[in-house]
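Quick notes on the structure that follows.
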Amino acid sequence: MMDMSFDQRWLGIGSGVGILNMEGLDFREYQLNIIKAINENGNTLVVIPTGLGKTFIGTAVIANAISGGGKALLLAPTKPLAEQHYSNLVGMLNIDPGRILLLLGSTGKAKRKELESDASLIIATPQTIANDIKAGQLSLDGFKVAVFDECHRAVGKYAYTYIANECMLRDMLIVGLTASPGAKKEKIEELTDSLGIRHIAIRISTDPDVVRYVMPKNTHVVRVGIGDKLNEISRLIAPEAEASLVALNKTGLIHFKNFTRIPKGRLLQIGEEINRINAVNFKFAAVYSYVRLLNLTHAYDLLLTEGIYPFYKYMESLDMREKKSRAVESLLKNKNIMQARKLAEEAMKNGEEHPKIKSVLNILREHSDKSVIIFVQYRSTIKMLVEHLVNNGFRAKAFVGKKEGVTQEMQKEIIQEFRDKKFDVLVASSIAEEGLDIPNVDLVLFYEPIPSEIRNIQRRGRTGRFRDGEIYILVAVGTKDEVYMRVSDQREKKMLGIILKINERLKKERKEKDKGQKSLQ
């Protein structure tokens, strides 16, 4: 018999309400409205801020499918996130837990096939499901819905796109969940095409039915001067980078007056263009100037936005390469670059670093009783920052990925220690932006701005879920930091406009399709 102790307005979800554990669940109108929109419109892209209950929306859609005698599929991009979903859904669905299968690829094929055939709900990583479908291990017959978490990944050759196509062939309902689909019209259109989206359900933090559930997030932009030492070292690197730019400009492949104003994407694109050149002598000269410019620009930006140690370690990594190109060899033997490295080494011995370090310490002292995640772009910066924090009495740990030899078990252990408050400051790479069950924190600190609107939204979503959150962004004055800060702000604002326009187009397409179907009846 159905438990009727919950808010009766939830009955609008559909038949699935009968197998949902609604105990202690506050009614949220926007969640109900989004679920209704999915029921009415079919394949839906759900875009709502982190912490506003995307998982419940996906669970309700799954419950509707199972209560109607169908099967359901929930996909998550990482094992930890799939495990988190499994734990949540076992508690949220009032069905035999044996009918809920967590599939991560570690189970043997024969056993997997048996488990898959018995399950009403499969929670899995996409590559596992894609492989099983291709091998004939898994049949999607009987499946009514597929929920794609972090669905902004459903572009290009990512496994989401293959699975979505298989789902569309069987007329399954597809629901994509994300906090941000990106800010490029082409990418959002590719995403909606890949998932066969007919409707976009979007909410922002200021929408009337959402605003009361959004915890305040106070954003502070902290502008940091470079300081004399960094300026002294950068003045040795700049003329070498400028000379390489002049040489590359002469090839006609690029036309920039200032190396600091070349967008990183454009610089990488130039390398691809050079690779397509057939004229050997011309190509050789272009490669030489390009490699010098690429390395010098990166070294310069590392120094001014990250610090002396990251710059020093990068130059050391060039030196340690077994095979060096002629451009790198000449770079390392250049008098200015040699002097820059010498000054950097002396500065480190004297305990000098980027002024950002002092800002980090000041911010943490002001919030000494808070749990903190510091997001950092580069591994060398993470190492440097953790060392400074520990030396200044803070309980801090690095949180990095597999490339640094950290297994998922080790990651889980660090997260659990952080949850248990065995330390207060998690200094993390992009690995902590999505796909991991990291607890809500009081403060998020960006060591540097990043130009990606998706990653910005994910980073900010780590705070302000259940209580007020603080966000600090460090910006080194006169550097790429300022450019990236502007770019990320512009892209977030642009994203909303693009989504609304695409949604209008989808609405027109639905109406035309419905008219066509009625005329055939």
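The values are calculated or read from the model by the stated rules, or taken from the named source; none is laboratory data. Small disclaimer: the values here were computed from a predicted structure and weren't measured. Reconstructed Cβ throughout: ideal geometry from the backbone, glycine too, with neighbour counts over all protein chains shown.
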Item checked: Count - residues of segment 233-284 that are hydroxyl-bearing (Ser, Thr, Tyr) and over 33 Å from the mean Cα position of the chain (by Cα) -> 2
Note to self: Take the conditions among the aliphatic types (A, V, I, L, M), within 27 Å of the chain's Cα centre (by Cα) and either within 30 Å of Ile188 (Cα to Cα) or surrounded by 21 or more Cβ atoms within 10 Å (Cβ to Cβ) (or both) and apply them to Leu93. Does it pass?
What the structure shows: no
Check: Among the residues of segment 36-54, is any closer than 20 Å to Asn94 by Cβ and modelled with pLDDT under 95?
Finding: yes
Next item on the list: Could you please find all residues in segment 52-90 being small (Gly, Ala, Ser) and buried (at least 21 other Cβ atoms within 10 Å of the Cβ)?
Entry: Gly58, Ala60, Ala63, Ala65, Ala72, Ala76, Ala82
Check: Restricted to segment 67-82, and to residues that are under 31 Å from the mean Cα position of the chain (by Cα) and not in a helix (DSSP H, G or I), which residue is farthest from Gly14 (Cα to Cα)?
Finding: Thr78
Check: Out of curiosity, is Glu366 more than 25 Å from the chain's Cα centre (by Cα), within 19 Å of Gly469 (Cα to Cα), not assigned by TED's automatic domain parsing to the domain that holds Tyr86 and not aliphatic (A, V, I, L, M)?
Finding: yes
Next item on the list: Exactly one condition in (1) crowded, with 18+ Cβ neighbours inside 10 Å; (2) farther than 23 Å from Val475 by Cα; (3) among the small types (Gly, Ala, Ser) is not met by Ala398; state its number.
Entry: (2)
Margin query: Report every pair of residues separated by at least 6 positions or lying on different chains whose Cβ atoms are under 8 Å apart, first residue within segment 159-178 and over 15 Å from Asp193 (Cβ atoms) and modelled with pLDDT of 95 or more, second in a strand (DSSP E or B) and of a type outside the set (A, V, I, L, M, F, W, C).
Written below: Met172/Lys144; Leu173/Lys144; Val175/Thr44; Leu177/Asp149
Notebook entry, point to check: Only one of these conditions is not met by Ala299: (1) among the small types (Gly, Ala, Ser); (2) within 13 Å of Ala241 (Cα to Cα); (3) at pLDDT below 95. Which number is it?
Noted result: (3)
Check: If you scan segment 315-356, which residues turn out to be in a loop (DSSP other than H, G, I, E, B) and in contact with a strand residue (DSSP E or B) (Cβ under 8 Å, 6 or more places away or on another chain)?
Finding: His354
Note to self: When you scan segment 217-226, do you find a residue that is more than 30 Å from Tyr160 (Cβ to Cβ) and without any contact (Cβ under 8 Å) to a residue 40 or more places away in the chain, even just one?
What the structure shows: no
Note to self: Restricting to segment 29-44, count the residues that are buried (at least 17 other Cβ atoms within 10 Å of the Cβ) and closer than 20 Å to Thr206 by Cβ.
What the structure shows: 4
Item checked: Residue list for segment 183-221, restricted to those being buried (at least 16 other Cβ atoms within 10 Å of the Cβ), more than 22 Å from the chain's Cα centre (by Cα) and not charged (D, E, K, R) -> Gly196, His199, Val210, Tyr213
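To keep it simple, each residue is scored yes or no on (1) farther than 27 Å from Thr463 by Cα; (2) in the same structural domain as Lys402 (by TED's automatic domain parsing); (3) over 25 Å from the mean Cα position of the chain (by Cα).
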site: Glu23; (1), (2), (3): no, no, yes
site: Asp26; (1), (2), (3): no, no, yes
site: Gln31; (1), (2), (3): no, no, no
site: Val47; (1), (2), (3): no, no, no
site: Leu52; (1), (2), (3): no, no, no
site: Ala65; (1), (2), (3): yes, no, yes
Notebook entry, point to check: Residues in segment 357-387 that are farther than 20 Å from Val441 by Cβ and in a helix (DSSP H, G or I): how many?
Noted result: 7
Margin query: List the residue pairs whose Cβ atoms are under 6 Å apart, where the first residue sits in segment 285-299 and is charged (D, E, K, R), the second is in a helix (DSSP H, G or I), and the two are 6 or more positions apart or on different chains.
Written below: Arg292/Ser244; Arg292/Ala327; Arg292/Leu331
Check: Any idea which residue in segment 249-307 is surrounded by the most Cβ atoms within 10 Å (Cβ to Cβ), counting only those that are within 23 Å of Pro449 (Cα to Cα) and of a type in the set (Gly, Ala, Ser)?
Finding: Gly307
Checklist line | So Ile382, is it among the aliphatic types (A, V, I, L, M), out of contact with any helix residue (DSSP H, G or I) (no Cβ under 7 Å at 6 or more places or on another chain), crowded, with 18+ Cβ neighbours inside 10 Å and modelled with pLDDT of 90 or more | finding: yes
